[in-house]
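Here is the structure we will look at.
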Amino acid sequence: MNSIAFISDIHGNITALDAVLEDLESRGINEVYCLGDLVGYYCFFNEVIETLHRRNIPCIMGNHDFAIVHNNGVIERSKTCTRILSWQLNLLSEKSLGFLKELNERKEITIFGRKALCVHAGLVDPIDEYMYDINGEYLRENQFTQDMLITGHTHLPTYKKFFDGKAWLNPGSVGQPRDGDNRASYLVIKENLDVEFVRVPYDYQIIVTEMTKNGFDDYISNPLITGKKIGL
Ligand SMILES: [Mn+2]
């Protein structure tokens, strides 16, 4: 059966991304979309961008990507994120920056005959809006006309069906899961529209060691071990 996969919130975690791509390959899935936040948090941001570029994986823009391209790496509500992004901005290759600049804020695709809208965050603010739960009213208020809304940003795998047949999906995070499970998370939609959330273990110690080597505090790497949100 044909399947389409969605990945999101990789945040410079190349080890997790490689593990996910290997898992996708073993399942014969080659149609993959990325919902943004390629940079931020962890050290291998250039490698993540190179890999997505090399594999021709369509990406949209996340809030960390936006901050690095348009706001000098500043995320107002978080000193930690700003400090990391400023460091990354200095080390970002010309090619990586060029790739991030080209990212769109939304992408419409067709999934086995259904229309889907992909945004990093939400319908009110495609880049930076935390949607932990939405209802049908939210979709109507924001003139949502497609069948599926696919978002990232919260790092929490989510699947909600609405009475009119519409659905909202979030694949969770490849690079920094926050639902208490530290394995990389992604989403598969099958030809019969069955939905599967997949978890892939990977060697997070590689990332933890590299962060320490670059002088970052343990608490930035701790989410990789606990699978829980960073204390900002
Ligand atoms: Mn994110």
**Asked** Restricting attention to segment 1-20, which residues are of a type in the set (S, T, N, Q) and outside any strand (DSSP E or B)?
**Response** Asn2, Ser8, Asn13, Thr15
**First in segment 11-36 and closer than 17 Å to His155 by Cβ, second anywhere and part of a loop (DSSP other than H, G, I, E, B) and of a type in the set (S, T, N, Q), Cβ under 7 Å, 6 or more apart** = His11/Gln176; Asn13/Gln176; Cys34/Ser8; Leu35/Ser8; Leu35/Thr151; Gly36/Ser8
**Message:** Is it the case, given these coordinates, that Ala167 is more than 21 Å from Asp18 (Cα to Cα) and modelled with pLDDT of 95 or more?
**Reply:** yes
**Asked** In the set Ser221, Ser173, which member is more than 28 Å from Asn104 (Cβ to Cβ) and within 18 Å of the chain's Cα centre (by Cα)?
**Response** Ser221
**Item:** In segment 104-122, the residues that are under 20 Å from Leu193 (Cα atoms), free of Cβ contacts under 8 Å to residues at least 60 places away in the same chain and surrounded by 19 or more Cβ atoms within 10 Å (Cβ to Cβ)
**Value:** Ala116
**Message:** Among the residues of segment 201-217, are any within 25 Å of Leu149 (Cα to Cα) and touching a strand residue (DSSP E or B) at 6+ places or on another chain (Cβ under 9 Å)?
**Reply:** no
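Within segment 67-88, identify whether any single residue is closer than 30 Å to Thr212 by Cα, touching a strand residue (DSSP E or B) at 6+ places or on another chain (Cβ under 9 Å) and in contact (Cβ under 8 Å) with a residue 12 or more places away in the chain, and answer yes or no.
The answer is no, given that none of the residues of segment 67-88 is closer than 30 Å to Thr212 by Cα, touching a strand residue (DSSP E or B) at 6+ places or on another chain (Cβ under 9 Å) and in contact (Cβ under 8 Å) with a residue 12 or more places away in the chain.
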**Request:** Inspect all residues belonging to segment 1-8 and state whether any of them is buried (at least 23 other Cβ atoms within 10 Å of the Cβ) and out of contact with any Gly (no Cβ under 9 Å at 6 or more places or on another chain).
**Result:** yes
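The values are calculated or read from the model by the stated rules, or taken from the named source; none is laboratory data. For clarity, every value in this text was computed on a predicted model and none was experimentally measured. FYI the Cβ positions are ideal-geometry reconstructions off the backbone, even for glycines, and counts take in every protein chain you see.
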